[in-house]
1. Below 8 Å between Cα atoms, with a sequence gap of 6+, how large is the relative contact order for the chain in percent?
2. At what distance in nm do the modelled label points of Cys163 and Ile191 sit from each other, each positioned 7 Å from its Cα along Cα→Cβ?
3. Excluding Val60 itself, calculate the net charge of residues whose Cβ lies under 12 Å from the Cβ of Val60, where each Lys or Arg counts +1 and each Asp or Glu counts -1.
4. With all pairs of different alpha carbon atoms counted, what Kirkwood hydrodynamic radius in Å does segment 26-152 show?
5. Give the calculated FRET efficiency between Ser52 and Asn151 to the nearest 0.05, with a Förster radius of 25 Å applied to their Cβ-Cβ distance.
6. Which aspartates and glutamates does Lys80 reach when only Cα atoms under 17 Å apart count, and residues fewer than 8 places away in its own chain are ignored?
7. Looking only at the chain, where both bridge partners belong to it, what percent of the DSSP beta bridges are antiparallel (to the nearest 5)?
8. Please compute one quarter of the surface area of the Cα convex hull for the chain and express it in square nanometres.
Amino acid sequence: KFVMGSPDWLESLCKRIHEVGLESAPDFITIDGAEGGTGSAPVALMDDVGISLNESLPYVVDILTKYGLRDQVRVIASGKLTNPTMVAWALAVGADFITSARGFMFSLGCIQSMHCHKDTCPTGIATHNVRLQSGLSPKIKSQRVMNFHHNLIHEVEMIAHSCGVTEPRGLTRQHVRIVQGGSKSKPFSEIFPDETPIAFQGIPVEVVAENTSEKNN
Ligand code: SF4
């Protein structure tokens, strides 16, 4: 899991995977946006370091596609994906899954007081202090967490259906438009066109992949 600074190292990693063999590829990559971070993260890192998910997610998907590794490596998106619009966007851009901590924390009662590392969490979530913990009612809050999860999935599905696809995995970059200057919007597929696999060392990547898996069998 990482927050991206420059995409260059990911290209180097993909080249190295082809040199060493596809079995060396990770099963998945979790890409976190610069906007993510726990309440105990240093503020300077939270606010100013890394590329936002809006930019880094398409980079990761496109680089894996370019090197023929998209089927091999699952992409998990993370970083303030608390509402159905952003979850649908991430799936449309190319994520296989999303993870969210923040949305579930909110539904549990987190007020973002950023004391997670001090054992003084006022809502009783991130503390061992028995008095503070008593403020968290599992009976009530479990229902709220369940409601959040249920409604999030329901609304992502609703967005997918309104775009004319049968399930959220059918969303593509053509379904997303990004507002530009002058209130005009552009399809995301124009801003980040789908990548096509390149030839690697003169051989198409699919062939490299096939040869590598034959060698490994
Ligand atoms: S409410 Fe608790 S869990 Fe939420 S940020 Fe504050 S200390 Fe952390």
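1. Numbers: 317 pairs, mean separation 42.6, N = 217.
So the answer I get is 20 percent.
2. 1.4
3. Details: positive: Lys1, Lys66, Arg70, Arg74; negative: Glu11, Asp32, Glu55, Asp62, Asp96, Glu195.
Net charge around Val60: -2.
4. On the way: mean 1/r = 0.0618 Å⁻¹.
Computed over Cα pairs of segment 26-152, the Kirkwood hydrodynamic radius comes out at 16.2 Å.
5. On the way: r = 25 Å, r/R0 = 1.01.
Computed FRET efficiency for Ser52 and Asn151 comes out at 0.50.
6. Asp32, Glu35, Asp47, Asp48, Glu55, Asp96, Glu155
7. Details: 5 of 14 bridges.
Within the chain, antiparallel bridges account for around 35 percent of the total.
8. Numbers: hull surface 62.9 nm².
Averaged projected area of the chain's Cα convex hull equals 15.7 nm².
Rule-based calculations on the coordinates, nothing more; no lab input. Computed from a prediction, not measured in an experiment: that's the story for all the values here. Quick reminder, even Gly has a Cβ in these numbers, built from the backbone with ideal geometry, and neighbours come from all protein chains shown.
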